[in-house]
Structure formats: C-alpha cells, structure tokens
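Trainee: My questions all concern the structure below.
The values are calculated or read from the model by the stated rules, or taken from the named source; none is laboratory data. The model shown is predicted, which means the values in this text are computed figures rather than measured ones. FYI the Cβ positions are ideal-geometry reconstructions off the backbone, even for glycines, and counts take in every protein chain you see.
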C-alpha cells in the first residue's frame with residue numbers, strides 16, 4: 001500500500017547565475033579488445049529527438065548520488081530544475097545550486113502531474129539499490145523501483161511531458177557470462193533472478209519499455225557500475241579501502257563490471273534528454289574490468305598493495321547460511337550476484353548517437369581520490 005501523501009511544500013533558492021561548466025575534458029577510455037555482440041533482431045524505428053538546451057526539467061532522485069550529479073549538469077547549462085524530495089533537510093546542496101525543491105514522496109500521481117505542468121522534460125532517476133536485503137525489506141524495494149516508476153510515468157503522461165528519460169541499469173541483462181552485449185540483448189528470465197534488486201529493476205524496465213512501445217515519449221538509459229566522489233556503495237567502499245591500504249582481505253574478485261564515473265554518467269543522461277531517440281535505450285557503461293583488477297588500480301594509485309589474504313568464493317558459499325553473524329543477513333544473495341557473474345554491455349550506440357565518452361577507470365579513480373582529498377582538506 002503506498003505511503004499516505006504528505007502536503008507539498010515548495011522552497012526555491014534565490015536566483016543565481018548558472019555555474020560555468022568545467023573546462024577540463026574527460027580523458028578517453030583506454031582501448032581494449034572485446035568480443036563483438038551477436039547479431040540481434042532489428043528494433044522498432046525510433047523517433048529522433050531534438051536538442052532541448054536550457055529548459056525546465058523535473059528530476060526525481062535529485063538528492064541521490066546520480067541524481068545530484070544530473071542536477072548539477074542541468075544547472076551548469078542554465079536549465080531550471082524542479083526536484084521532488086522526501087526530506088528537505090537532504091536538499092541543501094540542491095538549494096545552493098538554485099534548484100527548486102518540492103517536498104514530495106512520489107506517491108500521488110495527480111499531485112506529481114501538477115508539479116510537471118509545462119516542463120520540457122522529465123528525468124526519473126529515483127530508485128532503491130541494495131543487494132542482500134531481507135524478506136522484510138522486499139516490499140519497500142518493490143515500491144521504490146516498480147511502483148514509483150509506474151506512478152512517475154503515469155504523472156508524466158498525464159502532464160503531457162514532451163520527453164521522459166528513465167534511468168534503468170545494465171543489470172537488467174542479467175549475467176552476460178563474459179560477453180559484452182548491447183541494447184538488443186534479452187536475458188532468459190526462466191533462469192530466474194540473482195537478487196530482489198535484479199528482479200525489481202527488471203520489472204521497472206519492462207514498465208518503461210511497454211509504455212514506450214505504446215507511444216509514450218520515453219528514452220531509457222542503462223548505466224553500469226557508478227563510482228566517484230560521494231559513492232557509498234559496497235563497491236565504492238572497497239575501492240576506497242584499497243586506495244588507502246586498509247582493505248582487510250580480498251573477496252568476490254571475479255565479478256565483472258563496467259565502471260562509469262558519475263559525472264560522465266550525468267552528462268550522458270542529459271545528452272539522452274537532449275538528443276536521444278524516443279523509444280530507444282542507451283547503455284551508458286564505462287570500461288569493463290573484473291573487480292580484482294579495479295582494486296589493483298585503486299591500490300596502485302594510492303601507492304599501496306592489496307592484502308595477501310583472499311577469501312575463496314567456495315568458502316563464502318559455505319558461510320552463506322551464517323551471514324547474519326558477519327553482518328550480512330542475506331549473504332547468499334550477495335554471492336549469487338557476484339560469483340561467476342559479469343554485467344558487461346557496450347556503449348557503442350551511446351557513443352555514436354549521444355557522443356558519450358566515459359573516462360578510463362584509472363583516470364576516473366584518480367579524479368575521484370583527488371576530489372575526496374580536496375573535500376577532506378576543505379572540511380578541516
């Protein structure tokens with residue numbers, strides 16, 4: 001049952017000139033050989049989208065890691081940004097950017113539609129990401145990913161928003177088994193899902209895809225593993241510990257990820273809003289690496305070495321029933337999502353149509369750790 005709607009409160013920061021875009025270009029990702037995607041069935045014709053430029057954009061998830069970066073890119077180019085948030089206390093940075101903040105829990109379609117009136121575009125980046133949750137947490141994640149996506153798309157269509165960008169994930173492809181797939185790839189859902197997050201994001205993606213096939217002006221983007229300053233995910237934490245020389249042991253090193261810097265992703269999402277083709281999906285993945293390789297890069301940048309202690313995946317599987325003892329109540333789900341699994345997808349379409357150019361992992365991590373050091377120095 002959706003949460004009881006809360007009264008909407010609008011707060012807008014004093015008008016200020018939009019900040020200038022950073023002049024430092026993103027370094028190009030290092031070239032590496034990769035298997036070519038298999039030939040797939042041709043997708044339905046997609047409608048080319050116009051460049052929007054400075055505009056009025058409604059953005060969900062703006063207090064989150066990715067959403068905040070998107071808000072910053074939009075404000076840097078002079079766009080008005082309307083951000084619904086559950087808790088205004090988390091919106092200080094948004095207000096400082098000049099974002100219009102609305103107290104809104106995304107539970108009421110009609111109320112959301114009113115806040116979307118006369119916008120030039122809607123970006124839905126809100127969602128719930130966590131692997132290893134308990135059964136008691138499943139209902140909230142289902143609503144955050146599938147329920148909220150359905151309501152936001154309902155509201156956008158009711159408000160007749162001319163363009164909608166839905167932020168999905170490359171995770172909907174499932175385990176690519178060492179292959180680099182593209183947007184036409186379809187997983188075999190009869191094999192099941194690796195986690196509740198996997199299942200709910202797949203469901204939300206299908207909701208958006210069905211709406212797009214029915215004529216809704218939706219462009220879908222599919223990020224890979226996101227990292228950068230302010231990343232508090234397990235992956236981000238592991239990279240930070242490796243860089244600082246404080247990683248206690250190595251585990252689940254063979255999971256394959258595409259690493260995309262949050263700032264590159266934000267630029268890609270806005271590019272999809274500007275010129276993505278209606279009805280199309282775009283993979284916004286960075287270069288692909290195994291987790292062990294990523295940890296090695298992080299450690300080398302910090303002048304450290306990785307710990308010699310490595311926990312075999314087989315031992316982790318044996319330990320799974322006792323996950324609560326080590327602080328992970330659903331260790332089995334974590335293992336299922338990592339052991340022998342790759343989440344690899346090609347960004348070739350986005351590079352061609354959106355001019356998407358993610359930086360290499362080494363350059364991105366260097367930028368990340370430098371930004372974190374600067375922020376720590378400023379706070380002190």
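Trainee: Filter region 324-333 for residues that are assigned to a helix (DSSP H, G or I), farther than 22 Å from residue 175 by Cα and modelled with pLDDT of 70 or more and give the result.
Mentor: Passing the criteria: only 324.
Trainee: Modelled with pLDDT of 95 or more, in a helix (DSSP H, G or I) and either within 24 Å of residue 254 (Cα to Cα) or more than 26 Å from the chain's Cα centre (by Cα) (or both): does that describe residue 365?
Mentor: yes
Trainee: Select from region 212-228 the residues that are surrounded by fewer than 22 Cβ atoms within 10 Å (Cβ to Cβ) and in contact with a helix residue (DSSP H, G or I) (Cβ under 8 Å, 6 or more places away or on another chain) and list them in ascending order.
Mentor: 216 - this is the single residue of region 212-228 that is surrounded by fewer than 22 Cβ atoms within 10 Å (Cβ to Cβ) and in contact with a helix residue (DSSP H, G or I) (Cβ under 8 Å, 6 or more places away or on another chain).
Trainee: Please work out which residue is farthest from residue 283 (Cα to Cα), limiting yourself to region 212-234 and to residues that are out of contact with any strand residue (DSSP E or B) (no Cβ under 9 Å at 6 or more places or on another chain) and not in a loop (DSSP other than H, G, I, E, B).
Mentor: 234
Trainee: Can you name every one of the strands (runs of 3 or more DSSP E) wholly within region 77-163 that holds 2 or more residues which are touching a helix residue (DSSP H, G or I) at 6+ places or on another chain (Cβ under 7 Å) and more than 26 Å from residue 215 (Cβ to Cβ)?
Mentor: Strands (runs of 3 or more DSSP E) meeting the threshold: 80-85, 100-103.
Trainee: Looking at 290, 305, 300, which one is in contact with a helix residue (DSSP H, G or I) (Cβ under 9 Å, 6 or more places away or on another chain), surrounded by fewer than 18 Cβ atoms within 10 Å (Cβ to Cβ), without any contact (Cβ under 8 Å) to a residue 40 or more places away in the chain and on the phi < 0 side of the Ramachandran plot?
Mentor: Only one candidate passes the filter, namely 300.
Trainee: Could you check region 118-136 and list, in sequence order, the residues that are surrounded by fewer than 18 Cβ atoms within 10 Å (Cβ to Cβ) and either over 21 Å from the mean Cα position of the chain (by Cα) or modelled with pLDDT of 95 or more (or both)?
Mentor: Those that are surrounded by fewer than 18 Cβ atoms within 10 Å (Cβ to Cβ) and either over 21 Å from the mean Cα position of the chain (by Cα) or modelled with pLDDT of 95 or more (or both): 118, 120, 134, 135, 136.
Trainee: Additional query: Which ones in region 39-63 are modelled with pLDDT of 95 or more and in a loop (DSSP other than H, G, I, E, B)?
Mentor: Within region 39-63, 61, 62, 63 qualify.
Trainee: Another question, if that's okay. Residue 203 passes all but one of (1) crowded, with 22+ Cβ neighbours inside 10 Å; (2) in a helix (DSSP H, G or I); which number fails?
Mentor: Of everything listed in (1) crowded, with 22+ Cβ neighbours inside 10 Å; (2) in a helix (DSSP H, G or I), residue 203 misses just condition (1).
Trainee: Could I ask something else about it? Suppose the filter is touching a residue at least 60 places away in the same chain (Cβ under 8 Å) and either surrounded by fewer than 16 Cβ atoms within 10 Å (Cβ to Cβ) or more than 26 Å from residue 372 (Cα to Cα) (or both); does residue 280 pass it?
Mentor: yes
Trainee: In addition: Does residue 115 satisfy the criteria of being more than 25 Å from residue 168 (Cβ to Cβ) and either touching a strand residue (DSSP E or B) at 6+ places or on another chain (Cβ under 7 Å) or buried (at least 17 other Cβ atoms within 10 Å of the Cβ) (or both)?
Mentor: no
Trainee: Answer with yes or no whether residue 237 is closer than 27 Å to residue 151 by Cα, free of Cβ contacts under 8 Å to residues at least 24 places away in the same chain and part of a helix (DSSP H, G or I).
Mentor: The answer is no for residue 237.
Trainee: In region 145-162, what count of residues is obtained for those that are under 19 Å from the mean Cα position of the chain (by Cα), more than 25 Å from residue 345 (Cα to Cα) and buried (at least 20 other Cβ atoms within 10 Å of the Cβ)?
Mentor: Qualifying residue count, region 145-162: 4.
Trainee: I would also like to ask the following. Would you mention how many residues in region 311-338 are in contact with a helix residue (DSSP H, G or I) (Cβ under 9 Å, 6 or more places away or on another chain) and surrounded by fewer than 15 Cβ atoms within 10 Å (Cβ to Cβ)?
Mentor: 7
Trainee: Output the residues belonging to region 240-267 that are part of a helix (DSSP H, G or I) and in contact (Cβ under 8 Å) with a residue 12 or more places away in the chain.
Mentor: If the condition is that a residue be part of a helix (DSSP H, G or I) and in contact (Cβ under 8 Å) with a residue 12 or more places away in the chain, then 240, 242, 243, 244, 262, 263, 264, 265, 266, 267 are the ones that fit.
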